[in-house]
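Peer 1: Provided herewith is a single structure, encoded as structure tokens, for subsequent inquiry.
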Amino acid sequence: MNRAQNAPQAAKSIPNLGLKQRNTFGFDANAELAYEITASEQIPGVISDIAAQKLAWRVLGGGSNVILPAKLPGATLLMNIAGQEIIASDASATLLAVGGGVNWHELVAWTLENDLPGLENLALIPGTVGAAPIQNIGAYGVEIGDYIDRIEAFDTKDHAFVTLAKEACHFAYRDSYFKQNPQRFIVTKVVFRIPKSWNARIHYADLAKQFAKNSNPSAEEIFLAVCKIRTYKLPDPKVIGNAGSFFQNPIVPNEQYETLLQSHADLVSYPDEPGKRKLAAGWLIDQCGFKGQRMGLVGVYENQALVLVNHGGGSAQDILGLAKCIQDKVRAEFGVSLQIEPNIF
Ligand code: FAD
Ligand code: NAP
């Protein structure tokens, strides 16, 4: 096959694309011009077009961590790069390369089917592989950053493809170098390093309860337990629009935590890095009486106060209005600022 036959087609561009099905809040949103990115080689041309036309632009994966306005001016890049393959394996680990558009949960299921345990605590998190490193997705004491070897991305600042080793990604609690440099990198491929040695992580209370009578569960059993707990606790975006946790758990200095304990003896919190304490944002919101409350078309989920929901027909403005009420009340009651987790476009 010659070079021309191998070259990917240019990215398909779609004017005036409705994104209601591509954001888990289910907000009505229209992209002025969408580009469907199915191969990394399409990206330099698209970015050059955008620069030439001086368009605003943004990247969209599965839309499970975004708050979309009614109109998205300029260009929206839809990340649909597929493919996953084991690229190396030795006595200590397996290296797995995965396209940025692959569905995260399907990848987790695939790793277990292929005897590569490790990612099971991260089951049922919506979205794409390419977006997962942006906020270093985490659940039940595991973060994706723990399993990343390197990331391939297009650096829009230098107009070049780059490979960032794990250390260069600066993974931290729901944070990364990518999040710190918004709109600079477009993640095309993630290379995972899955260690051959495996141990169960079931210390979070919900998981510990599931395995009270089985202290040695398999990765498949943990995967199923995580799916079961999440299906009960979290609203299915296909039924009730949401973006998972709406606020990050605030991390406060120990002194502030000790002071809060004096007035709120049942404060839910967990140790963090030395000198700091992580407060459960859901508990703070619940204490302020928001759990299960509605404000017009949006509200706070009845089973988990950290999740804000679109009951149908709500908008970015509605959800941000509710978020402000919650932030104000939590600040007044506890002196703690809640940071919004989803990305506001
Ligand atoms: P999007 O929402 O499309 O985008 C998120 C951000 O990443 C945007 O800023 C976007 O510009 C950027 N981005 C997307 N793709 C790329 C790319 N290829 N290159 C560069 N930037 C990109 N999160 C957790 O951490 N833990 C959880 O347990 C969890 N549970 C959830 C449960 C529910 C029900 C829902 C709705 C959400 C949950 N989330 C959770 C949040 C969300 O699923 C993750 O943040 C996920 O990684 C977002 O993926 P996405 O493809 O939908 O990204
Ligand atoms: P949970 O288990 O009820 O716990 C409430 C909060 O306390 C969590 O946010 C968690 O922090 C923290 N926590 C609980 N046990 C802990 C422990 N042993 N050590 C340290 N911190 C502990 O939470 P949940 O709402 O059912 O969610 C379960 C997991 O899924 C959590 O890890 C949560 O982050 C994740 N999740 C994330 C999203 C999202 O959109 N970001 C949505 C749903 C669920 P952490 O958040 O730091 O783990």
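Rundown of residues vs (1) over 19 Å from the mean Cα position of the chain (by Cα); (2) among the aliphatic types (A, V, I, L, M), yes/no style:
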position	(1), (2)
ILE194	yes, yes
SER197	yes, no
TYR204	yes, no
LYS213	yes, no
SER218	yes, no
PHE223	no, no
VAL239	yes, yes
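Peer 1: Output the residues belonging to region 246-257 that are away from ligand 2 (no atom under 12 Å from the Cβ) and open to solvent by 40 Å² or more (accessible area, probe 1.4 Å).
Peer 2: Once the filter is applied, which keeps residues that are away from ligand 2 (no atom under 12 Å from the Cβ) and open to solvent by 40 Å² or more (accessible area, probe 1.4 Å), region 246-257 yields PRO253, ASN254, GLU255, GLN256.
Peer 1: Quick one: LEU320 ticks every box in (1) touching a Ser or Thr at 6+ places or on another chain (Cβ under 7 Å); (2) more than 16 Å from ligand 2 (Cβ to nearest atom); (3) closer than 30 Å to LYS238 by Cβ bar one, so which box is it?
Peer 2: Among (1) touching a Ser or Thr at 6+ places or on another chain (Cβ under 7 Å); (2) more than 16 Å from ligand 2 (Cβ to nearest atom); (3) closer than 30 Å to LYS238 by Cβ, LEU320 violates only (1).
Listed here are the residues, each with its yes/no results for (1) touching a helix residue (DSSP H, G or I) at 6+ places or on another chain (Cβ under 7 Å); (2) open to solvent by 50 Å² or more (accessible area, probe 1.4 Å); (3) among the β-branched types (Val, Ile, Thr); (4) not in a loop (DSSP other than H, G, I, E, B).
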{"position": "SER13", "(1), (2), (3), (4)": "no, yes, no, yes"}
{"position": "LEU33", "(1), (2), (3), (4)": "no, no, no, yes"}
{"position": "GLY45", "(1), (2), (3), (4)": "no, no, no, yes"}
{"position": "SER64", "(1), (2), (3), (4)": "no, no, no, no"}
{"position": "ALA75", "(1), (2), (3), (4)": "yes, no, no, yes"}
{"position": "ILE86", "(1), (2), (3), (4)": "no, yes, yes, yes"}
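Peer 1: May I pose another question? Quick one: count up the residues across region 102-138 that are open to solvent by 10 Å² or more (accessible area, probe 1.4 Å) and hydrophobic (A, V, I, L, M, F, W, C).
Peer 2: The total comes to 10.
Peer 1: Residue check: is GLY289 at pLDDT 95 or above, outside the structural domain of VAL108 (by TED's automatic domain parsing), among the small types (Gly, Ala, Ser) and closer than 18 Å to LYS329 by Cα?
Peer 2: In short, yes.
Peer 1: Another question about this same structure. Scan GLN183, GLN135 and give me the residue that is within 13 Å of ligand 1 (Cβ to nearest atom), at pLDDT below 95 and under 19 Å from the mean Cα position of the chain (by Cα).
Peer 2: GLN183
Peer 1: May I ask you to verify whether ILE229 is touching a residue at least 40 places away in the same chain (Cβ under 8 Å), within 16 Å of ligand 1 (Cβ to nearest atom) and in contact with a helix residue (DSSP H, G or I) (Cβ under 6 Å, 6 or more places away or on another chain)?
Peer 2: It is false that ILE229 is touching a residue at least 40 places away in the same chain (Cβ under 8 Å), within 16 Å of ligand 1 (Cβ to nearest atom) and in contact with a helix residue (DSSP H, G or I) (Cβ under 6 Å, 6 or more places away or on another chain).
Peer 1: Would region 156-169 turn up any residue that is closer than 20 Å to HIS105 by Cα and open to solvent by 10 Å² or more (accessible area, probe 1.4 Å)?
Peer 2: Looking through region 156-169, none of the residues is closer than 20 Å to HIS105 by Cα and open to solvent by 10 Å² or more (accessible area, probe 1.4 Å).
Peer 1: What are the residue pairs meeting all of these: first residue in region 273-288, first residue on the phi > 0 side of the Ramachandran plot, second residue of a type outside the set (D, E, K, R) and away from ligand 2 (no atom under 11 Å from the Cβ), Cβ atoms under 7 Å, and 6 or more apart or on different chains?
Peer 2: GLY275/PRO253; GLY275/ASN254
Peer 1: Among the residues of region 186-223, how many are among the small types (Gly, Ala, Ser) and either within 16 Å of ligand 1 (Cβ to nearest atom) or closer than 20 Å to LEU124 by Cα (or both)?
Peer 2: Selection size over region 186-223: 5.
Let's see how each residue does on (1) within 14 Å of ligand 2 (Cβ to nearest atom); (2) farther than 21 Å from ASN303 by Cα; (3) in a strand (DSSP E or B); (4) open to solvent by 50 Å² or more (accessible area, probe 1.4 Å):
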{"site": "VAL239", "(1), (2), (3), (4)": "no, no, no, yes"}
{"site": "GLY244", "(1), (2), (3), (4)": "yes, no, yes, no"}
{"site": "THR259", "(1), (2), (3), (4)": "no, yes, no, yes"}
{"site": "ALA265", "(1), (2), (3), (4)": "no, yes, no, yes"}
{"site": "PRO274", "(1), (2), (3), (4)": "no, yes, no, yes"}
{"site": "LEU284", "(1), (2), (3), (4)": "yes, no, no, no"}
{"site": "PHE290", "(1), (2), (3), (4)": "no, no, no, no"}
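The values are calculated or read from the model by the stated rules, or taken from the named source; none is laboratory data. Here the structure is a predicted model, which means the values were calculated and not measured. Please note: Cβ atoms are built from the backbone with ideal geometry, for glycine as well, and neighbour counts cover all protein chains shown. Keep in mind that these areas ignore ligands, DNA and RNA; they rest on the heavy atoms of the full protein, side chains included. Shrake-Rupley method; radii C 1.70, N 1.55, O 1.52, S 1.80 Å.
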